[in-house]
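Chemist: Before I ask anything, let me first share the structure, which is written out below as structure tokens.
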Amino acid sequence: MSAVETRVAGLSLKSGNPLTTATDAVVVATTTDNKFSIFADGLTKAAATKLKAALQSVGATGAKDELVRIPATGIASAKVIVAVGLGSTKNGINEEHLRRAAGSATRSLAGFKKVVIYLPATYAGAANAILEGAALGAYSFTDHKSSTLNKSKSPVSSITLFTSQAKDSDFRKALDRARIMAHSINFARDLINTSPLHMPPAQVAAAAKKVLTGTKVKVQILDEKALTSGGYGGIMGVGQGSTRPPRLIRMEYKPANAKKHVALLGKGITFDTGGISLKPPASMHEMKADMSGAAAVIAAIRVIHDLGLPIAVTAYAACAENMPGGGAQRPGDVLTTYGGRTIEVLNTDAEGRLVLADVLVRAAEDDPDVVLDIATLTGSAVIALGHRTAGVMGDDAVRDAVKAAADRAGEEFWPMPMPEELRATLDSLVADIANIGQREGGMLSAGLFLKEFVADGLPWAHLDIAGPAYNSQSAHGYTHKGGVGFGIRTMVAFTEDFITGVI
Ligand code: BES
Ligand code: ZN
Ligand code: ZN
């Protein structure tokens, strides 16, 4: 399967008895309530007792994130039963917790085809989280496997959530939303995981076109000629050291009932060597994920379209390959960005902000009501916040709205300041601004740099996803190793909130 034909497991809802259904595996929940309990709503007492005893006999405790697998013989018609621990449910169960539990279960069940999920889907939001998590757990990326393909276990291909409310219209909506979201997140993961040899800027553009074909989203691609004549000096400067030229992908969703307009901008560095300011080799291969912001905005506009949200969205994916070829920009070069402002490039590895400078100015011409940019922008974001938390900065109200949307969507973001005194460290001797500031607080001066290119009075926030975009640690919950597809849920949730006027 090619990187743009994305996969999502078949999702469905069903009422009835999960233990007597023909399937390969059943996922059940355990808790530490009253020492050890199982979720057994609707099961016969006899069946529940048997299941609980079987799980206890192999040492299940119900602890949060515990995963226990037992043979289903004598308990269910399936081959195996997987029990996921929810810990204590005394204070309720949050949706992200359900999402992770369902995801770690389906992730652990790679190799099995049909999975029945029997977790506490007590309301539509919980059902959505469970289905979304399960679909995200059922993912694998094998596009580049050949002779070892038969060694990779196929992800779960069919997921059925058992609930007495299978016919409820809110539950049906929750199911559709999970399918839409997981499809686009897996699409973004595919783009990120694809070898950078196979994913130059033109390929990102082709993938965007393909995933948006047949939708109402208009896609316009600016190639290197259009970018040069249009004055996109930031994007062209970054890409000039590569034999594979930049692309700017502009996507427009404009439903008739839209009253507001959101702009989403993504950093799309298809590979970041650092350029002439070359990066050390140790984990340079992970820099194929430096287009995660671009993947996220393409995926997000597809979700917003599929959900039919009544709001206009313009998305820009600014794509270039940052290579140290003979034509590469030099430290000391001065670029003229879209709109005419000049930047002295003191470090060619601070390239994300150069491509974003162009699109921040360009996007303002569309007259949006708010702008979000999303980028794997700084190593200092990883140092400050670790591998799982993204930083968000910008106008107070937008920043807080992004944080609130992220909390609702189950993604970890943390608000960051933009200390005024750091601005002066970006002053250039020869140009309007330099592309690096003082080393300390590097995530913050990157934000201050971007702010210079945001039109006066235009509400804006910057999402630095350098930490969570790519999982180089072990897999957890619904998060696999490799491309994560981070930020899509937050941008969609933010856009939904914006319709009803949070800011
Ligand atoms: N793509 C990197 C940032 C990055 C680092 C993302 C680690 C994910 C993991 C970015 O282009 C970069 O290299 N930034 C430099 C900027 C510095 C030269 C001011 C950095 O953060 O080191
Ligand atoms: Zn860089
Ligand atoms: Zn980069």
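Residue-by-condition table, conditions (1) in contact (Cβ under 8 Å) with a residue 40 or more places away in the chain; (2) buried (at least 19 other Cβ atoms within 10 Å of the Cβ):
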residue	(1), (2)
S12	yes, no
A22	yes, no
A25	yes, yes
S37	no, no
K45	no, no
Q56	no, no
T61	no, no
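Chemist: Run T389 past the list (1) more than 16 Å from ligand 3 (Cβ to nearest atom); (2) under 24 Å from G482 (Cα atoms); (3) open to solvent by 40 Å² or more (accessible area, probe 1.4 Å) and report the number of the one that doesn't hold.
Modeler: (3)
Chemist: Only residues that are open to solvent by 30 Å² or more (accessible area, probe 1.4 Å) and within 26 Å of the chain's Cα centre (by Cα): list them for the stretch 237-249, please.
Modeler: Answer for the stretch 237-249, where residues must be open to solvent by 30 Å² or more (accessible area, probe 1.4 Å) and within 26 Å of the chain's Cα centre (by Cα): R244, P245, R247.
Chemist: Could you grab me the full set of residues in the stretch 153-163 that are within 15 Å of G125 (Cα to Cα) and assigned to a loop (DSSP other than H, G, I, E, B)? First the steps, then the outcome.
Modeler: Within the stretch 153-163, the subset within 15 Å of G125 (Cα to Cα) is 161-163.
Across the stretch 153-163, the qualifying residue is only T163.
Chemist: Still on this structure, I have one more. So which of T243, T228, T213 is without any contact (Cβ under 8 Å) to a residue 12 or more places away in the chain, under 20 Å from M323 (Cβ atoms), of a type outside the set (A, V, I, L, M, F, W, C) and away from ligand 2 (no atom under 16 Å from the Cβ)?
Modeler: T228
Chemist: What are the residues in the stretch 69-87 that are surrounded by 14 or more Cβ atoms within 10 Å (Cβ to Cβ) and either touching a helix residue (DSSP H, G or I) at 6+ places or on another chain (Cβ under 6 Å) or part of a loop (DSSP other than H, G, I, E, B) (or both), if any?
Modeler: Those that are surrounded by 14 or more Cβ atoms within 10 Å (Cβ to Cβ) and either touching a helix residue (DSSP H, G or I) at 6+ places or on another chain (Cβ under 6 Å) or part of a loop (DSSP other than H, G, I, E, B) (or both): I70, A72, I75, A76, S77, A78, K79, V82, A83, V84, L86, G87.
Chemist: Right, another one. Looking at (1) touching a strand residue (DSSP E or B) at 6+ places or on another chain (Cβ under 9 Å); (2) surrounded by fewer than 20 Cβ atoms within 10 Å (Cβ to Cβ), can you tell me which one G379 breaks?
Modeler: If we test G379 against (1) touching a strand residue (DSSP E or B) at 6+ places or on another chain (Cβ under 9 Å); (2) surrounded by fewer than 20 Cβ atoms within 10 Å (Cβ to Cβ), just (1) comes out false.
Chemist: Considering only the stretch 469-483, state which residues are within 16 Å of ligand 3 (Cβ to nearest atom) and either among the aromatic types (F, W, Y) or open to solvent by less than 10 Å² (accessible area, probe 1.4 Å) (or both).
Modeler: Listed by number, the residues that qualify are A469, Y470, G483.
Chemist: Still on this structure: Kindly indicate the residue of the stretch 269-291 that is small (G, A, S) and within 10 Å of ligand 3 (Cβ to nearest atom) and also surrounded by the fewest Cβ atoms within 10 Å (Cβ to Cβ) among those meeting that condition.
Modeler: Residue satisfying both the conditions and the ranking: G274.
The values are calculated or read from the model by the stated rules, or taken from the named source; none is laboratory data. As the structure is a computational prediction, the values presented were derived from the model and not from experiment. Every residue, glycine as well, gets a Cβ built from its backbone with ideal geometry; the counts of neighbours run over all protein chains shown. Side chains are part of the model used for accessible areas, which takes the heavy atoms of the whole protein and leaves out ligands, DNA and RNA. Shrake-Rupley method; radii C 1.70, N 1.55, O 1.52, S 1.80 Å.
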